[in-house]
Amino acid sequence: MNKTLAILGWGTVALLGAVAVGTVAMQRGEPINALWLVAAATCCYALGYRFYSKFIAAKILALDGLRATPAERLENGRDFVVTNKWVLFGHHFAAIAGPGPLVGPVLAAQFGYLPGTMWVLAGAVFAGCVQDFVILLFSVRRDGKSLTAMAKDEIGPVGGFVAYVAVTAILIILLGVCALIVVNALKSSPWGTFTIAMTMPIALLMGVYLRRIRPGKVLEVSALGFVLVLAAIWGGQYVSQNPALARLFTFSAPTLAILIMVYGFAASALPVWLLLAPRDYLSTFVKLGTIALLGVGIVALHPTLHMPALTRFVDGTGPVFAGKIFPFAFITIACGAISGFHALISSGTTPKLIARETQTRMVGYGAMMCESAVAVMAIIAACVLQPGIYFAINSPAGVVGQSPAAAAATISGWGFPVTAADMQALAHAVGELTLYNRTGGAPAFAVGMAHIFSHSLGGETLMALWYHFALMFEALFILTVLDAGTRVARFMVQDALGHVYKPLGRTSWYPSILATSALIVAAWGYFLWQGVKDPLGGINSLWPLFGISNQLLATVALCVATTIIIKMHRAKYAVVTLVPLAWLVAVTFTASWHKIFDSNPRVGFLAQARVLAASPVPISSATVQLIFNNRLDAAVTGALVVMVTLVLVESLRQWMGILNGAKEARVKESPFVRTRLVEEQG
Amino acid sequence: MNRMRKMIGDLASTAVAVLIEILREIFDEAAYARFLRRSGMASSSEAYAAFRQEFDEAKARRPKCC
């Protein structure tokens, strides 16, 4: 009876999923309701979790509930702690959910809602969730070892070295891109800048409260900080309306870039924990609250998507970023589908906290599904906008023209009608001077979110508040990624330099702290500066670079996973990681080829450098710098591809050796120890 | 009917308890409680300062995803 009911129930989910996916995929010409995307996503995730992850858990990984995890065997109350599975799920999700699943899908919406939605659903179920799940389990079975350590142990020294370089490169590029998104969101926006500036005294107040008044009551003080931030958003409108105050908080992009670099250096090098730790909590509080609110808002208000399923820009002529749907849609959306960066979290804190092997399925596979759902929400937020407005916000002046009239005419000429008056009215409604050329995805997401909420809560009168709330939410948690990332990169560089000269490895030696902090900030600051000065808006060059490096890191993670699966004598099931690996190799290598060698100067770095160098007028120093930047981007992309190719070759040698019987298939797991915890359902 | 109501009530209170525990873990309140247990200290400004000193060094090494 139960079995019949289960078959009927899952059959219904499959049928509903097929209808929803079919509707999303086949609908043309008419606007579609966002609930179809929600239904398609829910059914795909449910089926993926129930059947695919269960298959992987049972047939490949053979999860063993009786095997003690490092959290139990090595428990020290600090790094290794047996943690409730739901609590760990929340912790893991909070660590993997960053700005990526919000920004990437907004940018990829230039192709229409369909490519992004399909990639987010299929990518998550068959690639991203699988990667996070298997890497988490393999790390659990190796005492919580990191991805780089596992790559070194299982593939060889080349694997370990490349993983290390790839992690450092992706961190630096990520930080540069994140900073650029904040700059583009806050430039010439006194309201937004004031709100973000106010988070600093609020964080300091929270820090004093935590240390002196109610030690350790983080939730309580975060709620208080949140109320104060809402007050700052409310107060921002008066700042923007007062000419003297507005001038004080109005910054150009280069000035904001310098301020952010100074902030990054201070956050890494100075003992400013009183500011950073409370801000981190405040950011997490706002992030989780906003994601939950957006989810509820989309389901309750079920808005209509105005963006078509596919736009004309699938041919590679898109204004947001140049490049054809394949491969660029698949590197633009990383975090919502598959992100190599997640492998660092799955082999970082989480494996040291998990109580049972059987829980890796829920935490690893399940948390990535939730991140993918956030990406679906971002697609909806971008696609509820009228396409003309979406393109006006996201297109750089170098593509659509400098004046509002020229931009409106260009975008209308593409078949997405918009007028300068529409844009002026929208800018006025959200309390900005202009919304043109606000590349980077964050402003478009903020307008979309404000659009969704203002239709129910407060109407048009609250549109400006919702917009600045969304902007504050994104900028605040991007800044926390920035300061945390700068510190992590600093530690990594210090660890490496310690092998060359011991004192440089000491994290308490101030000359080393200052030197390595300056090195890291200079590295990501260079990319930020490049983006700020780029006439095409910076995102066009930097986001693909970030996507490529992130997906290349996922390639390394999947090489490690496949190697271990083959060593476990489960080669016949290795397709589970081999198929996403092959897909990622195809996507990243094709994208890298285009970014380096494509003859279209909007796509290829070298072509862009050639066009600039061939200018008939005398070349200015700024142009010389642009030429150098393009060549540098090409070199970085090429170097990453070469290194990942080395890992692939090393992995292939391992696989062939093991399958031929020339090499011993020996996994480097910690020995089995029977758990002493009471058996519970995983 | 009463049994049903009790079951729903129990479920709701469990869900709230789990949610609070998740938030306590995410916001490091649980880590602070563990620190107090491990070090045998009572909550105070000094204890919290000691916790942060120990905890922040480890936390600073954890990457946050994009």
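Look at the dipole of the protein assembly as shown built from charges on Cβ: of A:ALA622, A:SER252, A:VAL229, the Cα furthest out on the positive end belongs to A:VAL229. Each of A:ALA197, A:HIS594, A:TYR501 was placed along the dipole of the protein assembly as shown (beta-carbon charges, centred on the mean Cα), and the one lying farthest toward the positive end is A:TYR501.
Taking amide H as placed 1.01 Å from N in the peptide plane, the amide H of A:ILE354 sits under 5 Å from that of A:ALA71, each at least 5 places away or on another chain. Can you tell me how region A:50-131 classifies by the Cα gyration tensor, rounded, prolate or oblate, using a/c under 1.5 as the rounded cut? Oblate is the answer for region A:50-131, as a/c is 1.5 or above yet b/c matches or exceeds a/b. Compared with the dominant Cα axis of chain A, that is its longest principal axis, helix A:273-301 is turned about 80°. Overall shape: prolate for region A:539-675, with the ratio a/c of the largest to smallest alpha carbon gyration tensor axis at 1.5 or above and a/b above b/c. Sites counted here are GluC sites (Glu not before Pro) in a DSSP loop (not H, G, I, E or B) having no more than 12 other Cβ atoms within 10 Å; the longest part of chain A that contains none of them is A:1-663. Could you tell me which of rounded, prolate or oblate describes chain A, using a ≥ b ≥ c as the square roots of the eigenvalues of the alpha-carbon gyration tensor, with rounded for a/c under 1.5 and, failing that, prolate when a/b is larger than b/c and oblate otherwise? Rounded is the answer for chain A, as its axis ratio a/c remains below 1.5.
Among residues other than A:THR199 with Cβ under 14 Å from its Cβ, the summed charge is -1 (Lys and Arg +1, Asp and Glu -1). Once each of the chymotrypsin sites (Phe, Trp or Tyr not before Pro) sitting in a DSSP loop with at most 16 other beta-carbon atoms within 10 Å is removed, chain A keeps A:1-500 as its longest stretch. Once each of the trypsin sites (Lys or Arg not before Pro) sitting in a DSSP loop with at most 15 other beta-carbon atoms within 10 Å is removed, chain A keeps A:79-505 as its longest stretch. Count Lys and Arg as plus one, Asp and Glu as minus one, and take only other residues whose Cβ is under 15 Å from that of A:VAL162; the net charge is then -1. In this structure, the residue pairs whose Cα-Cα separation is over 30 Å, taken from A:LYS287/A:LYS567; A:LYS533/B:LYS64; A:LYS287/A:LYS352, are A:LYS287/A:LYS567.
Here, region B:2-59 has an Rg and a Dmax of 16.6, 52 Å when only alpha carbons are counted. Taken about its Cα centre, region A:576-682 carries a charge dipole of roughly 180 debye when the Cβ of each Lys and Arg holds +1 and the Cβ of each Asp and Glu holds -1.
Within 10 Å of the Cβ of each residue in B:53-61, the mean number of Cβ atoms contributed by other protein chains is 5. Positive-end ranking of A:LEU677, A:PRO308, A:THR563 along the dipole of chain A, with charges on Cβ about the Cα centre, is headed by A:LEU677. Helix A:157-186 axis versus longest C-alpha principal axis of chain A: approximately 30°, rounded to the nearest ten. At an R0 of 22 angstrom, the distance between the Cβ atoms of A:ALA622 and A:VAL262 translates into a FRET efficiency of 0.45. Per residue of peptide A:210-217, the mean number of Cβ atoms on other chains within 10 Å of the residue Cβ is 6.
Rounded to the nearest 10 degrees, the inclination of helix A:2-26 to the longest alpha-carbon principal axis of chain A is 30 degrees.
Read the figures in this text as sums done on the coordinates, not as results from a lab. Quick caveat, the model's predicted, so the values are computed rather than measured. Neighbour counts run over all protein chains shown; Cβ positions are idealised from the backbone, glycine included.
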